[in-house]
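Encoded as structure tokens, the structure appears first; notes follow it.
The values are calculated or read from the model by the stated rules, or taken from the named source; none is laboratory data. Fair warning: this is a prediction, and the values are worked out from it, not measured in the lab. Cβ sites come from the backbone with ideal geometry, for glycine too, and all protein chains shown count toward neighbours.
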Amino acid sequence: MKVMKMMKKATALFLTVGMIISLAACGSSASSQPAESTDKTADAQAADAGTTTSAAASTAAETSAAIDKIVFGTNAEFPPFEFISSTGGAIGEFDGIDMAIAKQIGEDLGAEVSINNMEFDSLLIALQNGQIDAVIAGMTITDERKESVDFTMPYYNATQVMIIKEGTEIQKAADMEGKNIAVIQGYTGETCVKDLGFDYVSFKKGPDAIMDLINGKSDVVVIDSATAQKYVNDNAGQNLVIVEDNEKFASEEYGIAVKKGNTALLNALNAEIEKMTADGTIANLADQYAVAAEE
Ligand code: GLN
């Protein structure tokens, strides 16, 4: 079993180095990849945390005393995970699934939690610089990102989807060829489209890409599933629809990132994610914010 895993890892490394670095985010052999990468990530994190659930929990209990403050970095332009609420959110003006998770982590650990809102592209650099302690931003765990930061175990599964105007002839990813494709800069959706070999325009923010689609300049926007649903709901009357291609767009997993080697925080966050997954907190938040998004 262990040998098998090592072999898989070795194969993955070989592919990464030999082929395309971002393969894991959006591989062409997508359909067979997600289960393996899920196992690997969960196993690896469980091993880090002490192999068993109870060991992970006690590690967190031991270290939690030392964690009295967590500065989370995010990009609050990714509903339903993080957005600014004029009427007040989970943490100050910041609301969404991730923000509610961050708030709960703070309460459970007895740590003061604050949010540093910045560009998505700057998050990992800010983490490495020590400007923030952790990134919670609907961020997909990728091999490329794992080279510079450490990720917790996954807390949410997503996939890339295509948003089109009803009637546009796109039924699968390959149909995007020759169309005007919009992505958001630095998102895994950009990597996916790049890997498919298509030209695209990248926008700084999701709503800008959606506006370009509504205005008829772009034919398709490639973005994460839950966020796509939110944008479609928010623009009812514009005839936007979501098209999926599970063969070309691999399943993605969101994780919280910490600075490489910050195992005290990593273990505490892993124990929290494990708890919030087991007791249904995260699933409930996902439901709650998805419902809110439909209003
Ligand atoms: N999941 C995508 C990524 O990691 C988009 C995340 C985001 O925009 N917050 O690139």
Do we have Val135 as crowded, with 21+ Cβ neighbours inside 10 Å and closer than 16 Å to Ile256 by Cα here?
-> yes
Restrict the check to segment 134-156 and report whether at least one residue is acidic (Asp, Glu), away from the ligand (no atom under 16 Å from the Cβ), in contact with a helix residue (DSSP H, G or I) (Cβ under 7 Å, 6 or more places away or on another chain) and modelled with pLDDT of 95 or more.
-> no
Tell me the strands (runs of 3 or more DSSP E) entirely within segment 121-222 that contain at least 2 residues that are touching a residue at least 60 places away in the same chain (Cβ under 8 Å).
-> 149-151, 156-165
Going through (1) surrounded by 15 or more Cβ atoms within 10 Å (Cβ to Cβ); (2) part of a helix (DSSP H, G or I) one by one, Glu107 fails only at (1)
Qualifying residue in segment 79-98 (condition: in a helix (DSSP H, G or I), under 22 Å from Ser225 (Cβ atoms) and either without any contact (Cβ under 8 Å) to a residue 12 or more places away in the chain or within 14 Å of the ligand (Cβ to nearest atom) (or both)) = yes
Exactly one of Glu253, Glu272 is surrounded by 19 or more Cβ atoms within 10 Å (Cβ to Cβ) and either more than 16 Å from the ligand (Cβ to nearest atom) or in a helix (DSSP H, G or I) (or both), and that residue is Glu272
Determine if segment 256-264 includes at least one residue that is in a helix (DSSP H, G or I), modelled with pLDDT of 95 or more, closer than 26 Å to Ser148 by Cβ and over 21 Å from the mean Cα position of the chain (by Cα).
-> yes
Can you find even one residue in segment 208-220 that is surrounded by fewer than 19 Cβ atoms within 10 Å (Cβ to Cβ), modelled with pLDDT of 95 or more, under 19 Å from Glu252 (Cβ atoms) and in contact with a helix residue (DSSP H, G or I) (Cβ under 8 Å, 6 or more places away or on another chain)?
-> no
Conditions (1) over 28 Å from Leu285 (Cα atoms); (2) touching a Phe, Trp or Tyr at 6+ places or on another chain (Cβ under 7 Å); (3) of a type outside the set (D, E, K, R): number failed by Gly130 = (2)
Checked segment 177-214 for anything of a type in the set (Lys, Arg) and away from the ligand (no atom under 16 Å from the Cβ); matches are Lys179
